């Protein structure tokens, strides 16, 4: 608490001062983790794991696989943390690292990121729910999207990447990303019975 000149009444620190103090604390934790401090890295893990898990689960559509990917992301973060220069926020760096780990995993298991849906699956995929019990929430509907459509939808509509950024990350054309997003949105509207 600070006292203003001419007054002995303490005032709470401004939000700007609190944010600066928080940034210094984060910088200190990152610096310690870069030097191999396991407790500091555990602090980074505890503060970022929920967001990384949510991203992985949305992109992959499988909770168990997402949990494995979270571990892969943090192993990679531990290995690459010494290269973190602080040019972006740690959360931004972790997010991008997670996207890259997920995309690498998708490529390594030979999932075709550009694939939307096989014609054989078309009728069953787009069937409208017949009862309210069959209606889905958004997360379950996103999980039902084929890998390519789900990836583009999550990266664009959930995390705000541009079509050009998505094209660069996934190796598909920007026009393909636009088409995947259109199809994903249309499929979600059908799945959610909107």
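The values are calculated or read from the model by the stated rules, or taken from the named source; none is laboratory data. Just so we're clear, the structure is a prediction, and the values are computed from it rather than from any experiment. All Cβ positions, glycine included, derive from the backbone under ideal geometry; neighbour counts span all protein chains shown.
List of remarks:
- The criterion of being assigned by TED's automatic domain parsing to the domain that holds residue 34, crowded, with 16+ Cβ neighbours inside 10 Å and modelled with pLDDT of 95 or more holds for residue 52.
- All of (1) modelled with pLDDT under 85; (2) surrounded by 20 or more Cβ atoms within 10 Å (Cβ to Cβ); (3) outside any loop (DSSP other than H, G, I, E, B) hold for residue 124 with one exception: (2).
- The number of residues in segment 171-184 being touching a helix residue (DSSP H, G or I) at 6+ places or on another chain (Cβ under 7 Å) and surrounded by fewer than 16 Cβ atoms within 10 Å (Cβ to Cβ) comes to 3.
- Criterion applied to 168, 79 was being modelled with pLDDT of 90 or more and surrounded by fewer than 16 Cβ atoms within 10 Å (Cβ to Cβ), and the one residue passing it is 79.
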